[in-house]
Amino acid sequence: MKKFTADFETTTLKDDCRVWAYGICEIGNTDNFIYGNNIDDFIEFCKNKQENYLIYFHNLKFDGEYIFYYLLNNGYEYIKDKKQRKNKTFTSLISDSGQFYSIEVFFECTNKKHVNKVTFYDSLKILNFSVEKIAQDFNLDIGKLEIDYHKTRKIGHNLTEHEVDYLRCDVEIMAKALEIMFEQKLTKMTMGSNALTSYKEMIRYFIKYFPIIPYEMDKDIRKSYKGGFTYLNPKYKNKEVGKGSVYDVNSLYPSVMYNELLPFGEPLFFNGKYEKDLLYPLYIQNFTCSFKLKNNKIPTIQIKNSLSFMPNEYIESSDDELITLVLTSIDLKLFFEHYDVEDITYHNGWKFKGIKGLFRNYIDKWTKVKIKSKKDGNNSLYLIAKLMLNSLYGKFGLNPDVRSKFPYLNEKGVVKYKMHEKEIRDPIYIPVATFITSYARRKTISTSQLIRDYSIDKYGEDYYIYSDTDSIHCLVDVNELYDIIDIDEFKLGAWDHENNFNKAKFIRQKCYIEQIEGKDKLNVTVAGLPKRLTHKVNFNNFKQGFETDGKLMFKHVKGGVVLENTSFTIK
């Protein structure tokens, strides 16, 4: 099957929304570049009756809406299951959160053996970066160009030479990048699937170590599954600070997978409090208690789905309420170290056998590729290795509950989406995912606590500022921390001294700016603010209430979708 990359250029007017140009480039043969000025010709290309095509769009959520609009207005019927396929039908894979994965169009189905179709994938699910960044990171010999997106282009517009060059660069960049991926035999629909497939090829008896556990058991264990630790010390909220330093863990999740004791096999249920079991040393405990943070300790607990607590804040006290928690044994130990706990009642839990080393061959392989490619200056392979190292653990957390969306035309002729009924699929193995994230949180929280304790003991001041999953920002000089934490630029699981800052300001989680030592440009991290707008932020205006326009939001209209200019505010 031939594989291509494609891109649409579209008008920006609500009343005249359409494709005014398309570009197509064959992966593995970039001389084969095709372009045109309307979507009808694009679909005609897709209908090639001699061969079925696989075509990648970089952000299928945008371009796919134009495809849906065309199909629904030209006699094509949506089908949920491809087994229902017939002439002029199509199916899609869109998550309940609106993530586009694939579209499959069946043009002609004369019999079971002859099916003329095209499949569209989203290359953003493989390389989650802009086209411009991919060209840079893969060290390609071409770069992204610019055009005037708002220029008036009438139906039948003859493309200028520059517009053709622009189209060609976009699709050729992605074709070359994907070709490099495919040369490494990474051909799955997402990077996580590539990682899991690669891992399964390296381990015997995958299903023995990671059996498919029943739905209700998965649901019970999944209550302990939480994300990375992201926390701002209240002392530094909305305050400008002076010189400090930043540290990142070298491959946090891979280091946990490499070094720590992880669950495997069939879990065992227990009632009450977990009792020490040498054969089942890891466990998840369900219990109820009240608690209060110990003096100078960093909080570790968030309460979800409660009107009494903010879901993204780490709390210092249960406010005399009895709170039910479900924690891994790793999180539970940290909980007792950081909180005074009272009125505890142990309900039940799950316990697991433990093993080290199941992921070492996989991590050794991709770490070796990462190190060698960095030494050789092979940026593309270096990036692939990093993605493969960081994409595996999340697949084990695959949720068996799934609801997908499907497109339809509303009464105004605009593409909208409805939700299918909930379905249940096989999980991978949630115990591994929840323990990996638990160890990762422990690493960041414990190191943050060490820095806090050190600064209080030495200076009588708390110089710990902020943590975000695998990074720590503080006011302690790096030379002082070598005896406190494991600092090394390359060692797996060690803390790399990323940089120093001359001054910084933190407003909330994922909302801060830093003047990095030796750099003129500010390091701006503001969740929800597009990177192309970060130049508008400075130390004078960086505060709650900061507002700027220029943020683009999807607006569904007849023809497809336009990007509507809206404002962004730091709340």
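The values are calculated or read from the model by the stated rules, or taken from the named source; none is laboratory data. Because the structure is a prediction, the values reported are computed rather than measured. Note that we place each Cβ from the backbone using ideal geometry, even for glycine, and neighbour counts take in every protein chain shown.
Residues considered: GLU161, GLU179. Of these, the only one that is under 20 Å from LEU381 (Cβ atoms) and either more than 32 Å from the chain's Cα centre (by Cα) or modelled with pLDDT of 95 or more (or both) is GLU179. On the stretch given as the stretch 326-357, residues that are buried (at least 19 other Cβ atoms within 10 Å of the Cβ), of a type in the set (A, V, I, L, M) and assigned to a strand (DSSP E or B) total 2. Selection of first residues in the stretch 407-426 that are under 21 Å from ASP218 (Cβ atoms) and among the hydroxyl-bearing types (Ser, Thr, Tyr) and of second residues that are modelled with pLDDT under 95 and part of a strand (DSSP E or B), restricted to Cβ pairs under 9 Å at least 6 apart or on distinct chains, gives an empty result.
When GLU161, GLU216, GLU201, GLU172 are checked against the criterion of being on the phi < 0 side of the Ramachandran plot and in contact (Cβ under 8 Å) with a residue 60 or more places away in the chain, a single residue qualifies: GLU172.
Among residues of the stretch 46-62 that are within 29 Å of PHE554 (Cα to Cα) and among the aliphatic types (A, V, I, L, M), those with a Cβ under 9 angstrom from a residue that is surrounded by fewer than 17 Cβ atoms within 10 Å (Cβ to Cβ) and at pLDDT below 95, sequence gap 6+ or separate chain, pair up as LEU54/MET1; LEU54/LYS2. Only residues that are surrounded by 17 or more Cβ atoms within 10 Å (Cβ to Cβ), out of contact with any strand residue (DSSP E or B) (no Cβ under 8 Å at 6 or more places or on another chain) and not in a helix (DSSP H, G or I) were counted in the stretch 183-239, giving 4. Note on the stretch 202-256: residues that are closer than 27 Å to GLN285 by Cβ and of a type in the set (Ser, Thr, Tyr) amount to 8.
Table: residues versus (1) out of contact with any helix residue (DSSP H, G or I) (no Cβ under 9 Å at 6 or more places or on another chain); (2) free of Cβ contacts under 8 Å to residues at least 24 places away in the same chain; (3) over 21 Å from ASN128 (Cα atoms).
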{"position": "ASP319", "(1), (2), (3)": "yes, yes, yes"}
{"position": "LEU325", "(1), (2), (3)": "no, no, yes"}
{"position": "THR345", "(1), (2), (3)": "yes, no, yes"}
{"position": "LEU358", "(1), (2), (3)": "no, no, yes"}
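Of all residues in the stretch 387-408, those satisfying the criterion of being within 30 Å of VAL105 (Cβ to Cβ) and not in a helix (DSSP H, G or I) are LEU398, ASN399, PRO400, ASP401, VAL402, ARG403, SER404, LYS405, PHE406, PRO407, TYR408. Within the stretch 535-564, being crowded, with 16+ Cβ neighbours inside 10 Å and within 21 Å of the chain's Cα centre (by Cα) holds for one residue alone: LYS551. The one condition from (1) out of contact with any helix residue (DSSP H, G or I) (no Cβ under 6 Å at 6 or more places or on another chain); (2) under 28 Å from ALA177 (Cα atoms) that ASN59 does not meet is (1). Only residues that are surrounded by 19 or more Cβ atoms within 10 Å (Cβ to Cβ), touching a residue at least 60 places away in the same chain (Cβ under 8 Å) and not charged (D, E, K, R) were counted in the stretch 1-36, giving 15. All of TYR283, TYR253 fail the test of being more than 30 Å from ASP457 (Cβ to Cβ) and assigned to a helix (DSSP H, G or I), apart from TYR253. Candidates are the residues of the stretch 288-309 that are part of a loop (DSSP other than H, G, I, E, B) and of a type in the set (Gly, Ala, Ser); the one that is nearest to the chain's Cα centre (by Cα) is SER306. When restricted to residues that are basic (Lys, Arg) and in a loop (DSSP other than H, G, I, E, B), the stretch 491-523 contains 4. For the stretch 335-342, indicate whether the set of residues that are modelled with pLDDT of 95 or more, within 30 Å of PHE270 (Cα to Cα) and within 27 Å of the chain's Cα centre (by Cα) is non-empty. Looking for residues that are modelled with pLDDT of 95 or more, within 30 Å of PHE270 (Cα to Cα) and within 27 Å of the chain's Cα centre (by Cα), one finds none in the stretch 335-342, hence no. Residue check: is ILE384 in a helix (DSSP H, G or I) and crowded, with 20+ Cβ neighbours inside 10 Å? So ILE384 passes the test. Within the option set GLY265, GLY227, being in contact (Cβ under 8 Å) with a residue 12 or more places away in the chain, among the small types (Gly, Ala, Ser) and under 26 Å from THR525 (Cα atoms) holds for one residue only, GLY227. What about TYR66, is it touching a Leu at 6+ places or on another chain (Cβ under 8 Å) and either of a type in the set (Phe, Trp, Tyr) or in a loop (DSSP other than H, G, I, E, B) (or both)? No; evaluated as a whole, the condition is false for this residue. Considering every residue within the stretch 534-546, establish whether at least one is hydroxyl-bearing (Ser, Thr, Tyr), outside the structural domain of PHE68 (by TED's automatic domain parsing) and not in a helix (DSSP H, G or I). No, because not a single residue in the stretch 534-546 is hydroxyl-bearing (Ser, Thr, Tyr), outside the structural domain of PHE68 (by TED's automatic domain parsing) and not in a helix (DSSP H, G or I). Only one of these conditions is not met by ILE456: (1) under 24 Å from the mean Cα position of the chain (by Cα); (2) touching a residue at least 60 places away in the same chain (Cβ under 8 Å); (3) more than 15 Å from LEU232 (Cα to Cα). Which number is it? Of the numbered conditions (1) under 24 Å from the mean Cα position of the chain (by Cα); (2) touching a residue at least 60 places away in the same chain (Cβ under 8 Å); (3) more than 15 Å from LEU232 (Cα to Cα), the odd one out for ILE456 is (1).
Only one of the numbered conditions (1) surrounded by 22 or more Cβ atoms within 10 Å (Cβ to Cβ); (2) β-branched (Val, Ile, Thr); (3) in a helix (DSSP H, G or I) is not met by ILE103, and that is (3). The condition (being over 22 Å from ILE430 (Cα atoms) and either at pLDDT 95 or above or not hydrophobic (A, V, I, L, M, F, W, C) (or both)) is satisfied by just one residue among LYS294, LYS273: LYS294.
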